[in-house]
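Before any comments, here is the structure.
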Amino acid sequence: MRRNGATWVHVACWAVCVAVWVGCAAESDRPREQARDAGESSRPAGDLAVPDLAPPDAVPDGAMPDDPGLPAAMSASMPPVLMRDAPVDMGKPTAAPPESLSARQPMTAMAPTLIGPDGLPPSGNASEAASPQASARKMTASSPGLSPSMQVKSSAASGTAALSGRVAAPPADADGRIALDAALPRVAAAPPPMPAGEPARAAEASPEEEPAAATASESLPAATPESIEAQGYKLVKVYYGTDRKAIDVAPGGPLANVPWMAVTLCGGSASLVLLVVVLRGGRSRVLAGLLCLAAFATSASAICWANLTPNTKPAGAKIDLDYSNDRGELEVGTCEVSIPRTHQRGELESPSIIRLEFREDPMRHVVLMGVERKDEDGFYADLKERIAQCPRGEAFVFVHGYNVTFEKAARRTAQMAYDLGFEGAPIFYSWPSQGGLFDYTVDETNVVWTVPHLKEFLLSVARRTEAKRVHLIAHSMGNRALTAALGQLVTELKQEDMPLFHELVLTAPDIDADVFRRDIAPVITKTAQRVTLYASSNDEALAASKKLHGYPRAGDSGEGLVVLPGIDTIDVSDLDTSLLGHSYYGDNDTVLTDLAQLIEESKPPRLRSHLRAMALGSLEYWVFLARQVGLRTGATTQ
């Protein structure tokens, strides 16, 4: 108890020290404030510095500095230049500012602008295009729905004088007075009603006004593909079908924006360092108190990390719907995924703790920016229209594998479509994988449960969209669901309806190799015009699956390589694949090149120049000639 009491005493001392430090900092700032107040009270009468004015809401529209309706405090605070009655010589620069102002900050002298009866410069005035008030009012007339902040930006883009640290003379009215609303921080107030018989300026804009409005509109962040790509990323629209359980995403509180994982790691590291120092002889009560404080902070941050859902989405993302790992009903919709301009082919860019990145950034990462659920009729009508825009009228459906969330499946689909240069509609089907490394057996159960839903979805895509070519791509455990769904379609459909699909691509299939040879291969070859199987002997994930199940997998190569009639087997063992060698279908540039030629150009293996035939008895399979083949360029590296 005595040691604990000493610890809390040290903590209290630290709190007192912090309070004293804050008080000293505030006391040191007081002389500066007094000096600033003294400087403002002794300001010369001719100083043109803009005073602290009342909020725009407190000023009556059209009020002048000498208006009796203007608050007295405001009239007293206004500099003399705002209340002068002498006429202004138009077209000439204003007088140079006093030396007192020039010594403090630079100033740009501008000629005042006449203000007409409607609050706008008269047509024909040479200064109309340069007037801040006119440019702002033009923006109001051309875009009445713009927010004040957007109007300010547009006015600046149209050539208004908004220079940081400089003061410009505001425009004057017909009597030579400075208009008060030009000096106030007010944004483009709507002009008063037009007199009867006078044509509306918004309806009859002169040719000189239209370019200015167009220039201002171009500066706004419009939601077009061109402007989005100019911002540093491109949005890819992907379609989805899923039987996961839908959940509404509630906006997180301030604590959700804290990177608790990084805080926990930093606190844990500090605790370990202090523990080592204490154990090596630094038995100071201060060190012991700091150790206790660091341990407590680490524990608290770890609890927040475990119980709070982190908000890592950028400000522009609209995620109010998500899909959990639980089972649900079959639903359809669309997603928007950002691809950064700096994207590298085969990379699924994500935030990295090593690079101290704790939030997703569409300028640097592949980010799920939006999810929209749709009814079936609207979904397939939209998908049909998207496929019709493609010259070949095609689409592909991607079925993910084990340890994949809905979000990651959407991001991978968009990345593949972008890297392949696919012009058709990219679609993915997400079954309720748990997205966890240690949930393999749960995923095995759910991949069987999802088969009827996947079969229904594939049949609807093929028939309700009128697509000329529908390609199917499956990865890892997703091959189990896809091949089972295709087997049910063969049983239910007539023979004349086959083949229903164009290219069937099985990448790293986590299926028993003997079962695949005996039961699956003879069936799935009837459903597509060509079946391609990618296998590798460097696939560590399938090696672990082989140990778990006791038998080779169809995605293994080497002595157990699956080579069958009607199936083109591609051995990718010689490629420099990823750490586990399991995701080469999407993160290897060479495999992406081969997929592009297979899907986009429908080339058989013998016509793909980077492949070489290898004999296996009376059959043949294919291997890559080069370790790397540049996508689209065809450049090879040995």
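The values are calculated or read from the model by the stated rules, or taken from the named source; none is laboratory data. Small disclaimer: the values here were computed from a predicted structure and weren't measured. Neighbour counts run over all protein chains shown; Cβ positions are idealised from the backbone, glycine included. Just so you know, the surface numbers come from the protein's heavy atoms only, side chains and all, with ligands and any DNA or RNA stripped out. Shrake-Rupley method; radii C 1.70, N 1.55, O 1.52, S 1.80 Å.
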Which order do you get for M614, M369 if you rank them by accessible area with a 1.4 Å probe, largest at the top? M614, M369
Once you have a ≥ b ≥ c as the square roots of the Cα gyration tensor eigenvalues for region 522-577, tell me rounded if a/c is under 1.5, and otherwise prolate or oblate according to whether a/b is larger than b/c. oblate
Ignoring ligands and nucleic acids, R463 exposes an accessible area, probe 1.4 Å, in Å² to the nearest 10, of 130 Å²
Any of K318/K408; K318/K455; K313/K546; K408/K526; K384/K526 with alpha carbons more than 28 Å apart? Name them for me. K318/K455; K313/K546; K408/K526
In Å², rounded to a whole number, the accessible area per residue of region 388-530 with probe 1.4 Å is 35 Å²
Solvent-accessible surface (1.4 angstrom probe) belonging to V277, in square angstrom, nearest 10: 60 Å²
Label region 258-358 by shape, choosing from rounded, prolate and oblate, from the square roots a ≥ b ≥ c of the eigenvalues of the Cα gyration tensor; if a/c is under 1.5 it is rounded, and otherwise prolate applies when a/b is larger than b/c, oblate when it is not. prolate
Determine the gain in length on full extension of the stretch A300-K237; use 0.36 nm per residue of separation and subtract their C-alpha separation, reporting nm with one decimal. 18.7 nm
Multiplying the sequence separation of T445 and K547 by 0.36 nm and subtracting their Cα-Cα distance, what value in nm do you get? 34.8 nm
Return the distance in nm (one decimal) between the two label points of a simple spin-label model at M498 and Q529, each offset 7 Å from Cα along Cα→Cβ. 1.8 nm
At a 10 angstrom cut-off on C-beta neighbours, averaged per residue, how do the peptides 442-451, 552-561, 381-390, 600-609 rank from highest to lowest? 552-561, 442-451, 381-390, 600-609
Taking the alpha-carbon centre of each part, the distance from region 481-545 to region 384-406 in Å is 18 Å
Could I have the simple spin-label model distance between R285 and R606, label points 7 Å from Cα toward Cβ, reported in nm to one decimal? 8.9 nm
Distance in nm between pseudo-label sites at A315 and C390 (7 Å out along the Cβ direction from Cα): 3.6 nm
Round to a whole number: what % of the accessible area of region 435-532 belongs to carbon and sulfur, probe 1.4 Å? 52 percent
With a 1.4 Å probe and all protein chains left in place, how much accessible area per residue does region 279-385 have, in Å²? 59 Å²
Please give the solvent-accessible surface of D519 in Å², to the nearest 10, using a probe radius of 1.4 Å with every protein chain present. 70 Å²
